[in-house]
Structures are given as structure tokens and as C-alpha cells.
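Shown next, in C-alpha cells, is the structure this report addresses.
The values are calculated or read from the model by the stated rules, or taken from the named source; none is laboratory data. In this text, all values refer to a predicted model and were calculated from it rather than measured experimentally. Positions of Cβ are backbone-derived with ideal geometry, glycine not excepted, and every protein chain shown enters the neighbour counts.
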Amino acid sequence: GDPNQIPTKGREFIWVDTTARWRIADAKKFLESVASEAGAQSRLDDIIDSVVRDQVSSSELIELVRSASWEVPAEREAEIKQEVAAEREAEIKQEVTRGREEITRTILAEARKIIPQYGIELVDVRIKRLDYIESVREKVYARMISERQRIAAQFRSEGEGRRAEILGEMEKGLRQIRSTAYRQVQEIRGQADAEATHIYGEVYSRDAEFYAFSRTLELYGEGANQNAVLILTTDSDYYRYLKHATPAETEPLPAVGARDAKRP
């Protein structure tokens, strides 16, 4: 017959489409009760549809779509745990006592109790298709979308956590590198200062006057630039060194306030 809209035991409305094979077992009864093939088809539709409705409404949806012997493959258990919510995981792993095959056999057995009175033998009954009605299908799709979004959010959360962990490790490594580099710089600088002090000490011990003159030149050089004009007084160390360095036969140095410009 035509597909029927039937509620399951859990109140999920589904479309159920069945098919059956039959044959005439008693021609006399057949002609007296249904008269023709069309009459037999109509009577079979009524009987089978009634039995199917009774069996579907007393069964859970999972029993209608699964066999009793089906189990979650061991290699997919981890994947299922990751991809579905806890309640959905329990539903998937739910033990089924009456599977689709058992329900189909029950439908056939119940229909066979009624049909022989019409001179008909019912050979087989099969459920061709099960489908949600439109309103239930939309809810199922919404739940699937929600599960996908939850999984995506979980992946993003794990990714953000891993990102923070990596950044933390990187920052820790950078601080360690900076600390090591700073320590090495200070050690090198300390060694250089010690070496410079040692060299200055040796120079001073050899010629204190030359050491003082050299340091004076360095200090003037550090404080001057290309356009600087140096004004010296007669009591300055620099003027005193220049005066003592002037040979006796040369002209004396200019008086106080003379300008010493750097020649190009």
C-alpha cells in the first residue's frame, strides 16, 4: 500500500512504506471473498497496514532501524566519543532486543493469522523505507547541526588552549634566551672593563704624566663634535700640556681667551 505516517513508541512520527508478496492458495475462497486481484490487494493493504501500525507504535525508533546483533565497531568507539554528545553516545550504544528483522517477522506472522480466510497465502513482508516526517526531520537536522557546532567549538577551544600553551613555552624560551644573553653581555662587558682598567694601570705605572695627558685628550674628544669651538683658559690641563709640549724656539701660545678652531 501507500506509505503511512505512524508514531513510534517514543512519539516520533515517521513514514513507513512496506511491500508484500502473496499468492492464491484457495481459488474458491479467493473468488467468494475478494473476487478479484484488485479486491485482494485492497484487503491485504488494510490487514498489513493495521499490523504494521500496531508493531511500529509499540517499538522504539532504534529498534525499527537497527538489527539486534549490531554493535559499535571497536575501531569507531573513540571517534564516536569525540563526535557525539554523551546522551547520543548512550543512544547509539543502546542494546536492542527487537531489531528490524524481528519486527518484520512479527508483522508477517500476525498478518498470516488473518489472511488465509480469503484464500490467500502471504509469502513475505518487507519494510521498504522508514523516514521522518518533515517537522521531525527539521528537528533532527537542527540537532545534527548543533552537534557539529559543539564539536567545532570543542576543537576551537582545544586549539586555543594549545596555542596559549605554545605561546607560553615560546615566551618562556625567549625570556631564558634574553636572560642568558644579558648575562653573557654583562660578563663580556665586565671582562672588557677589567682589561681596560688593567691596561690603564700599566700605562699609568709606566708614565703617569703621559697617562694624564692621554685621558685629557680622550675626554675632550668625547665631548666635542666637528663644529665645536674649544675655548681654553691658561690654567686648564689641556692648555698646560700644549704649553709644555711647545719647543723653546717656537712662538708662545696665544693669550687667555684665544680660539682654537679645527682646521679642515
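Odds and ends about this structure:
- For the stretch 1-48, filtering for residues that are of a type outside the set (Ser, Thr, Tyr) and under 19 Å from Gly119 (Cα atoms) leaves 26.
- Selection over the stretch 135-171 of residues that are among the charged types (D, E, K, R) and in contact with a strand residue (DSSP E or B) (Cβ under 9 Å, 6 or more places away or on another chain) gives a count of 3.
- Test for Leu167: is it within 30 Å of Ser33 (Cβ to Cβ), hydrophobic (A, V, I, L, M, F, W, C), at pLDDT 90 or above and part of a helix (DSSP H, G or I): no
- Any hit, the stretch 18-32, residues being exposed (fewer than 13 other Cβ atoms within 10 Å of the Cβ), of a type in the set (A, V, I, L, M, F, W, C) and part of a loop (DSSP other than H, G, I, E, B): no
- Among the residues listed as Leu174, Leu130, Leu217, the single one being surrounded by 10 or more Cβ atoms within 10 Å (Cβ to Cβ), at pLDDT below 80 and either more than 17 Å from the chain's Cα centre (by Cα) or in the same structural domain as Arg53 (by TED's automatic domain parsing) (or both): Leu217
- When Ser50 is tested against (1) within 47 Å of the chain's Cα centre (by Cα); (2) modelled with pLDDT of 90 or more, exactly one condition is not met: (1).
- Pairs are defined by a Cβ separation below 6 Å, a sequence spacing of at least 6 or placement on different chains, a first member in the stretch 7-30 that is within 28 Å of Ile120 (Cβ to Cβ) and charged (D, E, K, R), and a second member that is part of a strand (DSSP E or B) and at pLDDT 90 or above; the pairs so defined are Arg21/Val123; Arg21/Asp124; Arg23/Glu121.
- Of all residues making up the stretch 101-155, the number that are of a type in the set (Phe, Trp, Tyr) and over 23 Å from Thr8 (Cα atoms): 2
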